[in-house]
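These notes are about the structure you will find just below.
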């Protein structure tokens with residue numbers, strides 16, 4: 001018998017081509033990450049971009065790092081969407 005979590009991961013993998021193991025590995029690495037450390041934040045951005053199959057320009061990376069390290073990330077979905085659209 002399959003659990004609901006398996007179905008969720010199956011759906012995510014189907015829609016994104018990201019394997020459950022990769023998502024769990026990323027989640028594990030984030031659980032103890034120091035988001036005040038620039039080097040750590042750059043690695044996380046790189047890892048997420050690689051998993052998503054997206055390129056992040058140096059300028060985008062710098063802006064993301066600056067926002068994350070300085071806690072300038074909006075917390076509501078609408079603001080996050082607008083923030084990414086303006087980049």
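Entry note, segment 1-61: relative contact order of 24 percent, from Cα contacts under 8 Å with a spacing of 6+ residues. For segment 1-68, the C-alpha radius of gyration sits at 1.29 times the compact-globule guess of 2.2 N^0.38 Å, with N the residue count.
Laboratory data are not the source of any read-out in this text; all were calculated from the coordinates shown. Treat the numbers as computed from the prediction; the structure is a model and nothing was measured.
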